[in-house]
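The values are calculated or read from the model by the stated rules, or taken from the named source; none is laboratory data. Just so we're clear, the structure is a prediction, and the values are computed from it rather than from any experiment. Cβ coordinates were reconstructed from backbone atoms using ideal geometry, including for glycine residues, and neighbour counts include every protein chain displayed.
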Amino acid sequence: MPAEATSVERPLTASGLGSVAWRGGWAITDHALVAASQLLLHLVLARLLPSPSYGAFAIAYGVVAAGAALHAAFLAEPPLVLARRAFAGARGAYLGALVLLHGAATLGLALIVAATVVLALPDPDSQIGWTVLAAAASLPALLLLTLLRRFAYAWGDPRRAAQGSAVHAVALVAGLVLVLQRDLLSPAVAFACLAAASLLASVSLLAAMRTRVRRPDLAFVKEVLAGHLAYGRWAALAALILWIPWNAHYWILAGIRPLEEIAAIRAAQNVSLPIAHLLAALSTLALPVLAAQISSRSEDTARATAQRWGLLLAAAAGAYFLVVLVLGERALDLVYGGAYPEAVALAPAVAAIHLPLAGIMWMTLLHRSVARTDRAFRTWLPYGLLSFLVGGLGWTIGGPHGLVTGIFLAALVTLALGAASFRAQSPWGARR
């Protein structure tokens, strides 16, 4: 359906409570649909696949997460800050340039991953090898949907993003039903379902967008690339740091620990999907609002807005922890059918990790709103390093419990270090 003009043209300064509530409702709906579809996929795979097969899927999913981190830093996130500042008068050409850059980047990523599988894995023909190849092949379709959803957010239209996510969720469920009816479920087929659903949703989102793709000239593509590279060089490092805690250990310890144990870690990690997407929804919604307010309004107004978003992030993480504490173990035991008991017991601890993470996200959100992604990277750096070192040591000593404990301690230390330096490195100081 064509969008009403007001759905896109509303000012991103969030002049009224109704405007914030409108965008917030659609943003939460969008991320809830993505989180629900991903969680459903993981629960189906964890319940129906043998543990080694689900462990192979977890390792390959880490490849998708790494690609998504780089893609977000250089392509999907910069429009939230740069679209209205630098490319407001060329929306169609900007979208065209993004799609071209997306195609080149994701094709390159897929080829690099495929070459790594063939050259680096001891047995490329193993289940892990084929699953990682399927994950690599799915990257262009999976990440195109992410790019288009973020583009909608950049122009203040999260409703369009939610519509795309709804198509994705319906298509993914339909694909899984078809696969289960024909008894074809495997890790590689799961990635094929994800890619097909993402491609269908991307086509529907492009058709529904008010902005039409226009063919950009080479000079404009170079201008977009330069702006995105300048924004993304530090953002990419921060994104990779965030990738480490729940993904790096899979690859490093895959040859040491059994796939069944990796599957248990992934089963525990599934608890974090809903709150991770909720915090991401709030951050994605807040970033263009704060970027506009900090650049155009008084410091007092921007500070008050930032404080409200911080409280909202903290409240979301706290409420989710309480829900998991009360209901999480029983719910997971039910959906996993008695499998992965260790993961079920870890549910409250996994949810607790997001309590300090919400505070870190707030600080880095403010740094990103003034394009100081270098400071966001430095804030996240202790979390990645400590999660890797302490979490890896904890896994080798105490298994999944040790890993989760290490990640939680890393988040606490990072929050304390970030809070200590934040006053001296506030966004208000960054503008001077």
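Points worth noting:
- The sole residue among Leu403, Leu366, Leu393, Leu357 that is without any contact (Cβ under 8 Å) to a residue 60 or more places away in the chain and either part of a helix (DSSP H, G or I) or among the charged types (D, E, K, R) (or both) is Leu393.
- Here Ala226, Ala236 are screened, and the one residue that is at pLDDT 85 or above, surrounded by 20 or more Cβ atoms within 10 Å (Cβ to Cβ) and among the small types (Gly, Ala, Ser) is Ala236.
- Test result for Ala263, surrounded by 19 or more Cβ atoms within 10 Å (Cβ to Cβ), in contact (Cβ under 8 Å) with a residue 12 or more places away in the chain and in contact with a Leu (Cβ under 8 Å, 6 or more places away or on another chain): no
- Residue within region 182-199 that is of a type in the set (Gly, Ala, Ser), over 20 Å from the mean Cα position of the chain (by Cα) and either closer than 30 Å to Leu49 by Cβ or surrounded by 17 or more Cβ atoms within 10 Å (Cβ to Cβ) (or both) present: yes
- Reported count of residues in region 315-334, each being more than 16 Å from His42 (Cβ to Cβ), without any contact (Cβ under 8 Å) to a residue 12 or more places away in the chain and charged (D, E, K, R), is 1.
- Among the residues listed as Ser19, Ser15, the single one being in a helix (DSSP H, G or I) and at pLDDT below 90: Ser19
- Residues that are under 20 Å from Ala248 (Cα atoms) number at least 1 in the following helices (runs of 4 or more DSSP H) confined to region 37-156: 51-71, 91-120, 127-154.
- Answer from Leu111, Leu75, Leu70, Leu45 - the residue that is surrounded by fewer than 19 Cβ atoms within 10 Å (Cβ to Cβ) and of a type in the set (A, V, I, L, M): Leu111
- Within region 370-404, the set of residues being of a type in the set (A, V, I, L, M) and over 18 Å from Ile252 (Cβ atoms) comprises Val370, Ala371, Ala376, Leu381.
- Looking across region 335-346, the residues that are touching a residue at least 60 places away in the same chain (Cβ under 8 Å) and either crowded, with 24+ Cβ neighbours inside 10 Å or not in a helix (DSSP H, G or I) (or both) come down to Tyr336, Gly337, Ala339, Tyr340, Ala343, Leu346.
- Subset of region 157-173 (residues that are touching a residue at least 40 places away in the same chain (Cβ under 8 Å) and among the aliphatic types (A, V, I, L, M)): Ala161, Ala162, Ala166, Ala169, Leu172, Val173
- Test: residue in region 92-105 that is crowded, with 24+ Cβ neighbours inside 10 Å and small (Gly, Ala, Ser): yes
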